[in-house]
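Take a look at the structure set out below.
The values are calculated or read from the model by the stated rules, or taken from the named source; none is laboratory data. This structure is a prediction, so every number in the text was calculated from the model and none was measured. Don't worry about glycine lacking a Cβ; one is built from the backbone with ideal geometry, like all the others, and counts go over all protein chains shown. Quick note on the areas: whole protein, heavy atoms, side chains included, nothing else; ligands and nucleic acids left out. Shrake-Rupley method; radii C 1.70, N 1.55, O 1.52, S 1.80 Å.
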Amino acid sequence: MNLNQVTVPSLNVENSIAFYSKLGLQLIVKALPHYARFVCPDGDSTFSVHQVEELPKGEGISIYFECADLDETVSNLIERGIDFYESPSDRPWLWREARLRDPDNNHLILFFAGENRLNPPWRIN
């Protein structure tokens, strides 16, 4: 299997389109007011948002986007007006991460993990 797409809920798809476009995703489907789909700038994965009447309760959804040049990407996004609640930092699980939320409070984590993405020292063989 290959992961094709992740879909997150949104109260306002049009606001999500503006946010994710600013983040660097390329809009490929715009079916307002209910749905939008993007292609990620690297690889062939897609990402979509769909309109809901109510957002999930609790911690919600976390989406990880890998960036080879994490610190530079975060800096560029801040210049474009994207707010991060955690700046890039090294994590105990050997990833470097920065954290933000989309307009619907979904957790977004931009990260760089290098070899540790799939092969951390504790990987089961």
Check on Ala31, without any contact (Cβ under 8 Å) to a residue 60 or more places away in the chain, hydrophobic (A, V, I, L, M, F, W, C) and within 20 Å of His107 (Cα to Cα): no
Every pair of residues 6+ apart whose Cβ atoms lie under 8 Å, when the first sits in the stretch 78-96 and is aliphatic (A, V, I, L, M) while the second is open to solvent by 90 Å² or more (accessible area, probe 1.4 Å): Leu94/Pro121
Of the criteria (1) farther than 13 Å from Leu110 by Cα; (2) among the hydrophobic types (A, V, I, L, M, F, W, C); (3) in contact with a helix residue (DSSP H, G or I) (Cβ under 7 Å, 6 or more places away or on another chain), which one Val6 fails: (3)
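Could you check the stretch 40-57 and list, in sequence order, the residues that are surrounded by 11 or more Cβ atoms within 10 Å (Cβ to Cβ), assigned to a loop (DSSP other than H, G, I, E, B) and modelled with pLDDT of 95 or more? Walk me through it before giving the result.
Step one: filter the stretch 40-57 for residues surrounded by 11 or more Cβ atoms within 10 Å (Cβ to Cβ), giving 40-42, 45-52, 55-56.
Those left that are additionally assigned to a loop (DSSP other than H, G, I, E, B): 40-42, 45, 52, 55-56.
Hit for the stretch 40-57 is Val52, nothing else.
Results for (1) within 23 Å of Ser87 (Cα to Cα); (2) in a loop (DSSP other than H, G, I, E, B); (3) in contact (Cβ under 8 Å) with a residue 60 or more places away in the chain, shown as yes or no for each residue.
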residue: Val6; (1), (2), (3): no, no, no
residue: Ile17; (1), (2), (3): no, no, no
residue: Phe38; (1), (2), (3): no, no, no
residue: Glu59; (1), (2), (3): yes, yes, no
residue: Ile63; (1), (2), (3): yes, no, no
residue: Val74; (1), (2), (3): yes, no, no
Test set (1) surrounded by fewer than 13 Cβ atoms within 10 Å (Cβ to Cβ); (2) touching a helix residue (DSSP H, G or I) at 6+ places or on another chain (Cβ under 6 Å) - Ile28 fails condition number: (2)
In the stretch 70-110, the residues that are under 22 Å from Gly60 (Cα atoms) and among the β-branched types (Val, Ile, Thr): Ile82, Ile109
Near pairs, Cβ below 9 angstrom, 6+ apart or cross-chain, from the stretch 101-125 (closer than 30 Å to Asn15 by Cα) to any residue that is open to solvent by 70 Å² or more (accessible area, probe 1.4 Å) and among the hydroxyl-bearing types (Ser, Thr, Tyr): Arg101/Tyr85; Leu108/Tyr64; Ile109/Tyr64; Leu110/Tyr64; Phe111/Tyr64
The stretch 96-122, residues that are over 30 Å from Val52 (Cβ atoms), in contact with a Phe, Trp or Tyr (Cβ under 6 Å, 6 or more places away or on another chain) and assigned to a loop (DSSP other than H, G, I, E, B): Ala113
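Are any residues in the stretch 109-119 out of contact with any helix residue (DSSP H, G or I) (no Cβ under 8 Å at 6 or more places or on another chain) and surrounded by 13 or more Cβ atoms within 10 Å (Cβ to Cβ), and if so, which ones?
As a first pass, look at the stretch 109-119 and keep what is out of contact with any helix residue (DSSP H, G or I) (no Cβ under 8 Å at 6 or more places or on another chain): 109, 113-119.
Scanning the stretch 109-119 gives Ile109, Ala113, Asn116, Arg117.
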Residue match in the stretch 68-87 (condition: within 14 Å of the chain's Cα centre (by Cα), surrounded by 14 or more Cβ atoms within 10 Å (Cβ to Cβ) and under 27 Å from Arg123 (Cα atoms)): yes
